[in-house]
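The values are calculated or read from the model by the stated rules, or taken from the named source; none is laboratory data. Note that this is a predicted model, so its numbers are computed, not measured. Because the Cβ atoms are built from the backbone with ideal geometry, glycine has one as well, and the counts that use them run over all protein chains shown. With ligands, DNA and RNA removed, areas are computed over all heavy atoms of the protein, side chains included. Shrake-Rupley method; radii C 1.70, N 1.55, O 1.52, S 1.80 Å.
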Amino acid sequence: MIRVVFCDLDGTLVRPRGLVLDADAAPLRQATASGVRLVFVTGRPARCLSDLPPVVGALSRHVVTSNGASEVVDGRTRILAPLDGRRARAFADALREADPHVGFATEFETAFGFEPEYAWWPATDTGADATRAELPELTGGARPLTKLLCRSTKLNAGELAERAEALGSGLTVTYSCGPEDGGPVEVLSPLASKGHAVRRVLGEAGVAPSEAVAFGDRANDLPMLASVGTGVVIGAPVEPRLAAFVSAASVGEWLVTHDERWRVPHPSDGGAR
(Lines give C-alpha, C1' and ligand atoms only; values in the text may rest on other atoms or scores of the structure.)
Protein backbone atom coordinates (compact mmCIF):
# COMPACT_ATOMS: atom_id res chain seq x y z
CA MET A 1 0.00 0.00 0.00
CA ILE A 2 1.38 3.41 -0.96
CA ARG A 3 1.24 5.83 1.96
CA VAL A 4 3.49 8.65 0.70
CA VAL A 5 3.95 10.17 -2.75
CA PHE A 6 7.04 12.28 -3.45
CA CYS A 7 6.84 14.35 -6.62
CA ASP A 8 9.27 16.63 -8.40
CA LEU A 9 7.74 19.80 -9.84
CA ASP A 10 9.33 21.29 -12.99
CA GLY A 11 9.27 18.86 -15.88
CA THR A 12 7.50 16.17 -13.85
CA LEU A 13 4.24 17.71 -12.67
CA VAL A 14 4.59 21.32 -13.85
CA ARG A 15 4.83 21.47 -17.62
CA PRO A 16 6.14 24.30 -19.82
CA ARG A 17 4.51 27.69 -19.22
CA GLY A 18 3.57 26.63 -15.69
CA LEU A 19 0.82 24.23 -16.72
CA VAL A 20 -0.43 21.43 -14.47
CA LEU A 21 -2.85 19.15 -16.30
CA ASP A 22 -6.02 18.14 -14.49
CA ALA A 23 -5.26 14.60 -15.66
CA ASP A 24 -2.30 14.76 -13.27
CA ALA A 25 -3.85 16.85 -10.50
CA ALA A 26 -7.09 14.87 -10.20
CA PRO A 27 -5.47 11.51 -9.27
CA LEU A 28 -3.23 13.32 -6.78
CA ARG A 29 -6.33 14.85 -5.17
CA GLN A 30 -7.94 11.42 -5.03
CA ALA A 31 -4.84 9.92 -3.48
CA THR A 32 -4.59 12.55 -0.75
CA ALA A 33 -8.34 12.19 -0.11
CA SER A 34 -7.63 8.49 0.49
CA GLY A 35 -5.09 9.40 3.16
CA VAL A 36 -1.91 9.37 1.07
CA ARG A 37 0.61 12.02 2.06
CA LEU A 38 1.92 14.14 -0.84
CA VAL A 39 5.29 15.89 -0.59
CA PHE A 40 6.72 17.97 -3.41
CA VAL A 41 10.51 17.80 -3.79
CA THR A 42 12.09 20.44 -5.99
CA GLY A 43 15.38 22.05 -6.90
CA ARG A 44 13.74 25.47 -6.55
CA PRO A 45 14.62 27.56 -3.51
CA ALA A 46 11.80 28.91 -1.38
CA ARG A 47 12.01 32.32 -3.07
CA CYS A 48 11.05 30.72 -6.39
CA LEU A 49 7.83 29.03 -5.28
CA SER A 50 5.57 32.05 -5.67
CA ASP A 51 5.18 31.69 -9.43
CA LEU A 52 3.99 28.08 -9.27
CA PRO A 53 0.42 27.48 -10.42
CA PRO A 54 -2.11 27.68 -7.52
CA VAL A 55 -3.04 24.02 -7.91
CA VAL A 56 0.38 23.03 -6.54
CA GLY A 57 -0.23 24.75 -3.21
CA ALA A 58 -3.76 23.36 -3.09
CA LEU A 59 -2.45 19.81 -3.46
CA SER A 60 0.19 19.96 -0.71
CA ARG A 61 1.58 22.49 1.76
CA HIS A 62 4.83 20.55 2.20
CA VAL A 63 7.57 21.35 -0.32
CA VAL A 64 11.15 20.18 0.06
CA THR A 65 13.21 22.92 -1.63
CA SER A 66 16.75 23.44 -2.95
CA ASN A 67 17.20 19.73 -3.68
CA GLY A 68 16.79 18.81 -0.02
CA ALA A 69 18.70 21.64 1.68
CA SER A 70 15.50 23.19 3.03
CA GLU A 71 11.73 22.84 3.16
CA VAL A 72 8.59 24.94 3.26
CA VAL A 73 5.70 23.65 5.38
CA ASP A 74 2.51 25.71 5.61
CA GLY A 75 4.41 28.73 4.32
CA ARG A 76 7.26 28.51 6.83
CA THR A 77 10.79 27.93 5.56
CA ARG A 78 13.24 25.74 7.48
CA ILE A 79 16.89 25.21 6.53
CA LEU A 80 17.66 21.50 6.86
CA ALA A 81 21.25 21.23 5.62
CA PRO A 82 23.13 24.53 5.15
CA LEU A 83 26.33 24.59 3.14
CA ASP A 84 29.34 25.72 5.16
CA GLY A 85 30.79 28.89 3.64
CA ARG A 86 34.40 27.86 4.16
CA ARG A 87 33.85 24.54 2.41
CA ALA A 88 32.08 26.35 -0.41
CA ARG A 89 35.02 28.70 -0.90
CA ALA A 90 37.56 25.87 -0.80
CA PHE A 91 35.52 23.93 -3.33
CA ALA A 92 35.21 26.97 -5.60
CA ASP A 93 38.97 27.57 -5.51
CA ALA A 94 39.65 23.96 -6.46
CA LEU A 95 37.05 23.92 -9.23
CA ARG A 96 38.37 27.17 -10.67
CA GLU A 97 41.79 25.56 -10.90
CA ALA A 98 40.24 22.63 -12.78
CA ASP A 99 38.21 24.97 -15.02
CA PRO A 100 39.28 28.64 -15.16
CA HIS A 101 36.12 29.43 -17.12
CA VAL A 102 33.73 28.77 -14.22
CA GLY A 103 31.66 31.40 -12.41
CA PHE A 104 29.75 31.07 -9.14
CA ALA A 105 26.51 32.19 -7.57
CA THR A 106 24.90 31.57 -4.18
CA GLU A 107 21.41 30.65 -3.01
CA PHE A 108 20.21 31.74 0.44
CA GLU A 109 16.65 30.39 0.05
CA THR A 110 15.18 33.90 0.18
CA ALA A 111 18.00 35.74 -1.60
CA PHE A 112 20.51 35.32 -4.42
CA GLY A 113 24.10 36.45 -4.94
CA PHE A 114 26.48 36.17 -7.86
CA GLU A 115 30.04 36.90 -8.88
CA PRO A 116 30.64 39.38 -11.71
CA GLU A 117 31.86 36.42 -13.80
CA TYR A 118 28.42 34.80 -13.44
CA ALA A 119 26.50 37.80 -14.76
CA TRP A 120 26.95 37.03 -18.45
CA TRP A 121 24.41 34.27 -18.09
CA PRO A 122 20.94 35.44 -19.23
CA ALA A 123 19.35 34.39 -15.95
CA THR A 124 16.61 36.30 -14.19
CA ASP A 125 18.47 35.57 -10.94
CA THR A 126 21.04 38.23 -11.84
CA GLY A 127 18.42 40.98 -11.67
CA ALA A 128 18.46 44.23 -9.72
CA ASP A 129 17.31 42.57 -6.48
CA ALA A 130 20.30 40.16 -6.41
CA THR A 131 23.63 40.85 -4.71
CA ARG A 132 26.67 41.16 -6.96
CA ALA A 133 29.93 40.54 -5.09
CA GLU A 134 33.01 38.33 -4.96
CA LEU A 135 32.58 34.85 -3.54
CA PRO A 136 34.30 35.45 -0.15
CA GLU A 137 31.78 38.20 0.57
CA LEU A 138 28.85 36.13 -0.68
CA THR A 139 29.74 33.11 1.46
CA GLY A 140 31.04 34.89 4.57
CA GLY A 141 27.84 36.34 5.99
CA ALA A 142 25.43 35.15 8.65
CA ARG A 143 22.68 34.01 6.27
CA PRO A 144 22.53 30.22 5.84
CA LEU A 145 23.85 29.23 2.43
CA THR A 146 21.92 26.44 0.75
CA LYS A 147 23.55 26.15 -2.70
CA LEU A 148 26.65 27.09 -4.61
CA LEU A 149 25.82 27.37 -8.32
CA CYS A 150 28.54 26.79 -10.92
CA ARG A 151 28.50 27.61 -14.63
CA SER A 152 31.27 27.30 -17.19
CA THR A 153 31.64 29.01 -20.55
CA LYS A 154 33.42 25.92 -21.89
CA LEU A 155 31.79 22.88 -20.26
CA ASN A 156 28.18 21.69 -20.19
CA ALA A 157 26.48 20.58 -16.98
CA GLY A 158 27.46 16.93 -17.29
CA GLU A 159 31.10 17.74 -17.98
CA LEU A 160 31.34 20.33 -15.23
CA ALA A 161 29.69 17.95 -12.73
CA GLU A 162 32.34 15.33 -13.57
CA ARG A 163 35.09 17.87 -12.89
CA ALA A 164 33.39 18.85 -9.63
CA GLU A 165 32.93 15.26 -8.42
CA ALA A 166 36.56 14.43 -9.28
CA LEU A 167 37.68 16.95 -6.65
CA GLY A 168 36.56 14.54 -3.91
CA SER A 169 35.22 17.33 -1.72
CA GLY A 170 32.51 15.23 -0.10
CA LEU A 171 29.90 17.82 -1.05
CA THR A 172 26.74 16.91 -2.96
CA VAL A 173 27.08 17.69 -6.67
CA THR A 174 24.03 17.60 -8.94
CA TYR A 175 22.14 19.49 -11.63
CA SER A 176 18.48 20.09 -12.43
CA CYS A 177 18.95 20.57 -16.17
CA GLY A 178 19.88 18.13 -18.90
CA PRO A 179 23.52 16.98 -18.99
CA GLU A 180 24.07 18.72 -22.34
CA ASP A 181 22.69 22.03 -21.09
CA GLY A 182 24.78 24.93 -19.82
CA GLY A 183 23.99 24.38 -16.17
CA PRO A 184 24.12 25.37 -13.50
CA VAL A 185 25.78 22.58 -11.55
CA GLU A 186 24.53 22.74 -7.97
CA VAL A 187 26.78 22.09 -4.97
CA LEU A 188 25.20 21.45 -1.59
CA SER A 189 25.98 20.21 1.89
CA PRO A 190 26.88 16.50 2.14
CA LEU A 191 23.58 16.08 4.00
CA ALA A 192 21.51 17.76 1.29
CA SER A 193 19.94 15.79 -1.56
CA LYS A 194 16.45 14.76 -2.53
CA GLY A 195 17.32 11.31 -1.21
CA HIS A 196 18.30 12.63 2.22
CA ALA A 197 15.04 14.58 2.39
CA VAL A 198 12.90 11.60 1.39
CA ARG A 199 14.52 9.31 3.94
CA ARG A 200 14.05 11.93 6.65
CA VAL A 201 10.35 12.39 5.86
CA LEU A 202 9.77 8.63 5.80
CA GLY A 203 11.66 8.12 9.05
CA GLU A 204 9.75 10.86 10.86
CA ALA A 205 6.44 9.45 9.60
CA GLY A 206 7.34 5.85 10.43
CA VAL A 207 6.72 4.79 6.82
CA ALA A 208 8.78 2.10 5.12
CA PRO A 209 10.41 2.97 1.77
CA SER A 210 8.36 0.15 0.18
CA GLU A 211 5.23 2.17 1.04
CA ALA A 212 6.33 5.20 -0.99
CA VAL A 213 6.52 6.16 -4.65
CA ALA A 214 8.53 9.00 -6.18
CA PHE A 215 8.20 10.76 -9.53
CA GLY A 216 11.06 12.63 -11.20
CA ASP A 217 12.71 13.36 -14.53
CA ARG A 218 16.27 14.69 -14.03
CA ALA A 219 19.64 13.82 -12.52
CA ASN A 220 18.85 15.62 -9.25
CA ASP A 221 15.92 13.21 -8.80
CA LEU A 222 18.11 10.09 -8.83
CA PRO A 223 18.70 9.95 -5.03
CA MET A 224 14.95 10.36 -4.43
CA LEU A 225 13.97 7.68 -6.93
CA ALA A 226 16.43 5.27 -5.33
CA SER A 227 15.15 5.93 -1.78
CA VAL A 228 11.60 4.59 -2.23
CA GLY A 229 10.00 1.31 -3.13
CA THR A 230 9.01 2.54 -6.59
CA GLY A 231 10.85 5.26 -8.48
CA VAL A 232 9.08 6.46 -11.63
CA VAL A 233 10.71 8.51 -14.37
CA ILE A 234 8.28 10.76 -16.22
CA GLY A 235 8.91 10.99 -19.95
CA ALA A 236 11.92 9.75 -21.85
CA PRO A 237 15.06 9.50 -19.66
CA VAL A 238 17.40 12.42 -20.39
CA GLU A 239 20.46 10.44 -19.28
CA PRO A 240 21.35 6.73 -18.93
CA ARG A 241 21.17 6.54 -15.12
CA LEU A 242 17.43 7.25 -15.21
CA ALA A 243 16.82 4.15 -17.32
CA ALA A 244 17.23 2.00 -14.20
CA PHE A 245 13.74 3.03 -13.02
CA VAL A 246 10.28 2.34 -14.38
CA SER A 247 8.87 5.00 -16.68
CA ALA A 248 5.48 6.57 -17.31
CA ALA A 249 4.11 9.20 -19.64
CA SER A 250 2.76 11.26 -16.72
CA VAL A 251 2.17 11.24 -12.98
CA GLY A 252 -1.57 10.90 -13.49
CA GLU A 253 -1.22 7.98 -15.86
CA TRP A 254 0.87 6.00 -13.38
CA LEU A 255 -1.46 6.75 -10.44
CA VAL A 256 -4.57 5.75 -12.38
CA THR A 257 -2.95 2.58 -13.71
CA HIS A 258 -1.81 1.56 -10.21
CA ASP A 259 -4.75 2.85 -8.17
CA GLU A 260 -5.06 -0.47 -6.35
CA ARG A 261 -1.81 0.44 -4.58
CA TRP A 262 -3.14 3.63 -3.00
CA ARG A 263 -6.95 3.76 -3.16
CA VAL A 264 -8.83 2.93 0.04
CA PRO A 265 -11.46 0.26 -0.73
CA HIS A 266 -15.03 1.54 -0.60
CA PRO A 267 -17.39 -0.40 1.73
CA SER A 268 -19.57 -1.29 -1.26
CA ASP A 269 -16.59 -3.15 -2.70
CA GLY A 270 -16.81 -5.67 0.10
CA GLY A 271 -13.43 -4.57 1.48
CA ALA A 272 -11.44 -5.59 -1.58
CA ARG A 273 -10.55 -4.35 -5.02
Report task. May I ask you to derive the relative contact order of the chain, considering only C-alpha pairs under 8 Å and at least 6 residues apart, and to give it as an integer percent? Result -> 20 percent
Query - P(r), alpha carbons of the chain - 10 Å bins starting at zero, rounded % - result: 7, 29, 35, 20, 7, 2, 0
**Report entry** Per-pair calculated FRET efficiency, R0 = 51 Å: E137 and T257 via Cβ, rounded to 0.05
**Finding:** 0.45
Query raised in the report: Relative to the longest principal axis of the chain, what angle (0 to 90°, nearest 10) does the C-alpha long axis of helix 194-205 take?
Result: 50 degrees
Report task. With a 1.4 Å probe and all protein chains in place, put R76, R200 in order of accessible area, largest first. Result -> R76, R200
**Report entry** Quotient of C-alpha Rg and 2.2 N^0.38 Å, computed over the stretch 113-256
**Finding:** 1.19
Report task. Keeping every protein chain in place, order K147, K154 by accessible area at 1.4 Å, biggest value first, i.e. largest first. Result -> K154, K147
Report task. Whole Å is fine, so just give me how far the alpha carbon centre of the stretch 189-254 lies from that of the stretch 69-93. Result -> 21 Å
Query raised in the report: Which residue, L149, L13, L167, has the most motion in a Gaussian network model of the chain that connects Cα atoms within less than 10 Å?
Result: L167
Query raised in the report: Summing +1 for each Lys or Arg and -1 for each Asp or Glu, what net charge is found among the other residues whose Cβ lies under 12 Å from the Cβ of A212?
Result: +3
Query raised in the report: Taking 0.36 nm per intervening residue step and subtracting the Cα-Cα distance, what contour gain separates E204 from A226 on full extension?
Result: 6.1 nm
Query - Cα long-axis angle, helix 157-166 against the chain (0 to 90 degrees, to the nearest 10) - result: 70 degrees
Query raised in the report: Can you give me the relative contact order of the stretch 158-273 as a percent, contacts being Cα pairs under 8 Å and 6 or more apart?
Result: 17 percent
Report summary line: the chain: antiparallel bridges as % of DSSP beta bridges, rounded to 5, reads 55 percent
Report summary line: Quick shape check on the stretch 1-98: root eigenvalues a ≥ b ≥ c of the Cα gyration tensor, a/c under 1.5 is rounded, otherwise prolate if a/b tops b/c, else oblate, and it reads prolate
Report summary line: Sorting I234, I79 on solvent-accessible surface, 1.4 Å probe, most exposed first, gives I79, I234
Query raised in the report: V20's amide H: which non-local residues (gap 5+, or another chain) put their own amide H closer than 5 Å, with H modeled 1.01 Å from N in plane and none for Pro or chain starts?
Result: R15
